[in-house]
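Trainee: This is the structure I have questions about; it appears just below.
The values are calculated or read from the model by the stated rules, or taken from the named source; none is laboratory data. It should be emphasised that the depicted structure is a prediction, and the values quoted were computed from it without experimental measurement. Glycine gets a Cβ as well: all are built from the backbone with ideal geometry, and neighbour counts include every protein chain shown.
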Amino acid sequence: MRLWEGRGGSQAGAPGGSTRWILWEREGWERPEAEAPGHTETGHSQAGAVGGSGRVPSVPAREIPPPSRVDPDAAVHAIIDARDVVIEYQPVLDATHGQIVGFEALARGPAGPLRTPRRLFAAARAVGRAGELDWICRAAAFRTLMDAKLHPSLSLFVNVEPDSLITPCPEDLLPIIWEAENRLRVFIDVPGQALLRHPVQVLESVRRARAAGWGVVLDDLEFSAAAVSLLPTLEPDVIRLDQQTIRQGNERAGAALAAALTESERMGTALLVDSVEEEPGSLARTVAAGFLQGRLLGAEGALPAVVPPPLAPVPLRTPTADSRSLWEVVEESSRLSASEVRDESLTRLMRQFIGQAARGPDLPVVGVVTSIYRATTMETAGQYRATLENCPVSVLIGRDMAVFQDWRTRVAEPPPGHPLEGELCFLALSTTHSSVLVARPTSVRDGRAEAWDVVFSHDPLTCRRVMRELLHHMDHLEGGVLSEGEKAR
């Protein structure tokens, strides 16, 4: 799969599809093919300071005032322009074998008041450059690990700041990102804050990471209701739990732990317990977590010169979809169906499904497909809006749905003849609620359906499969992540 090529409407050699999805791509860029990305003819990476042995390109640096009169804005501009960041690495251990399986990349500023990541990113956010800084830190982490030439089965965990989800990757760093895609085993760590601020971008970034063969870590479940609700939709490879927060035992932490354990049992998702600062892995033993991280087990610092290949690498999952209709997905696994349902009865049934979704303890991700044979009336639009306004993210396919598009809603219109064009679907999916209803017309008069066949399910696994197919169709319709074979068709 190639992340920089989508479907439709792009210039030759440029990233295709919607340019909103910018975790990697930048409009107008051509991927270099002649030589290894990120290297000059001499085989050395371009100049610019980072931690360890890696280096990323710099741009002309701004002069930093003497310490006695340091201006935080000027200082952070100079750090970003010079790419003057240091990357430290904290090991992640296999709880069973006590063996290093990977590292988390932790960014640091140069010596001074902006050394800590909290202050560094706060200063960058104040001048509108936090997204750019996050890209610089990520590229520096990639470059250093690639230069270290450690075993490729070791994993690298990189944090994703919310601002970088809406900030294009700087052009000079794209070759490093592309090279890392081919050489490294990366897990992007998605924080709950990003899910609250940019849920649609998170959803698409996760799908692009998977297309690159990278993994996904979901973090901050203890603090974010949105992260808990999105668990079944994002289907992360790893859930990160903070030992110190979980041990405090507040209500939100308890709900997060229950959701993580359910996801691990149901889908085989790996659990990573971090902040292990005292008794080693007490929470990890309690929840049978496979991986541990914390200063008691290994402090952050430079990469070691040699790391043995892990006996049990951090697992990567591959949720799949194959462009089927949603009707087919539900029909093959559900015994709940009805035939020749009149349109007014279908309306009542839809209201029931929508009402149930809105009353759950965790507001779900919602998927809607509207049929060409059923107009979106003002009453229906009101029902949808009342539900969508409170959901963390929604995916809508159909005509007359553009009115709902906003920062939490992804919308597309199917072309004539599309497999979903005649279907009607309502899907709600969270850790505590799963429901899907799919209908297709059996009797049509004057372009409007009078009767429908209906299938529905409350099975969590069936609803997950429907969500995968819905997102897969959205990728095709809006220029998302496509395989080479799909683009050839």
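Trainee: Somewhere in segment 337-358, is a residue assigned to a loop (DSSP other than H, G, I, E, B), surrounded by fewer than 19 Cβ atoms within 10 Å (Cβ to Cβ) and over 26 Å from the mean Cα position of the chain (by Cα)?
Mentor: The answer is no, given that none of the residues of segment 337-358 is assigned to a loop (DSSP other than H, G, I, E, B), surrounded by fewer than 19 Cβ atoms within 10 Å (Cβ to Cβ) and over 26 Å from the mean Cα position of the chain (by Cα).
Trainee: Scanning for something among the acidic types (Asp, Glu) and more than 24 Å from residue 332 (Cβ to Cβ), does segment 405-416 turn up at least one residue?
Mentor: Checking segment 405-416: at least one residue is among the acidic types (Asp, Glu) and more than 24 Å from residue 332 (Cβ to Cβ).
Trainee: Sticking with this structure for a sec: Is segment 181-193 home to any residue that is part of a helix (DSSP H, G or I) and hydrophobic (A, V, I, L, M, F, W, C)?
Mentor: No, there is no match, as no residue in segment 181-193 is part of a helix (DSSP H, G or I) and hydrophobic (A, V, I, L, M, F, W, C).
Trainee: Given the criteria at pLDDT 90 or above, among the charged types (D, E, K, R) and in a helix (DSSP H, G or I), does residue 328 qualify?
Mentor: Taking the combined requirement at face value, the residue satisfies it.
Trainee: Name the single residue that is nearest to residue 393 (Cα to Cα) among those in segment 173-232 being among the basic types (Lys, Arg) and modelled with pLDDT of 90 or more.
Mentor: Per the criteria, the residue is 185.
Trainee: Moving on. For residues in segment 288-307 being in contact with a Gly (Cβ under 9 Å, 6 or more places away or on another chain) and small (Gly, Ala, Ser), which is modelled with the lowest pLDDT?
Mentor: This residue is 289.
Trainee: Continuing with this model, one more query. Which pairs do you get when a residue that is in the same structural domain as residue 151 (by TED's automatic domain parsing), found in segment 99-128, comes within reach of a residue that is at pLDDT below 95 and of a type in the set (Ser, Thr, Tyr), reach meaning Cβ atoms under 8 angstrom, with the pair 6+ apart or on two chains?
Mentor: Once the first residue is in the same structural domain as residue 151 (by TED's automatic domain parsing) and sits in segment 99-128, its partners that are at pLDDT below 95 and of a type in the set (Ser, Thr, Tyr) give 108/116; 109/116.
Trainee: Assess whether residue 320 counts as being among the β-branched types (Val, Ile, Thr), in a loop (DSSP other than H, G, I, E, B) and under 21 Å from the mean Cα position of the chain (by Cα).
Mentor: Yes; evaluated as a whole, the condition is true for this residue.
Trainee: Then there is this: Return the residue satisfying two criteria in turn: it lies in segment 156-201 and is over 18 Å from residue 142 (Cα atoms) and among the β-branched types (Val, Ile, Thr), and of such residues it is farthest from the chain's Cα centre (by Cα).
Mentor: Looking at residues that are over 18 Å from residue 142 (Cα atoms) and among the β-branched types (Val, Ile, Thr), I get 167.
Trainee: Examine segment 377-385 for a residue that is in contact with a strand residue (DSSP E or B) (Cβ under 7 Å, 6 or more places away or on another chain) and modelled with pLDDT of 85 or more, and state whether such a residue exists.
Mentor: The answer is no; no qualifying residue exists.
Trainee: Here is a follow-up. Just one of the numbered conditions (1) in contact (Cβ under 8 Å) with a residue 12 or more places away in the chain; (2) surrounded by fewer than 18 Cβ atoms within 10 Å (Cβ to Cβ); (3) over 25 Å from the mean Cα position of the chain (by Cα); (4) farther than 19 Å from residue 104 by Cβ is not true of residue 301; which one?
Mentor: Evaluating residue 301 over (1) in contact (Cβ under 8 Å) with a residue 12 or more places away in the chain; (2) surrounded by fewer than 18 Cβ atoms within 10 Å (Cβ to Cβ); (3) over 25 Å from the mean Cα position of the chain (by Cα); (4) farther than 19 Å from residue 104 by Cβ leaves (4) as the failure.
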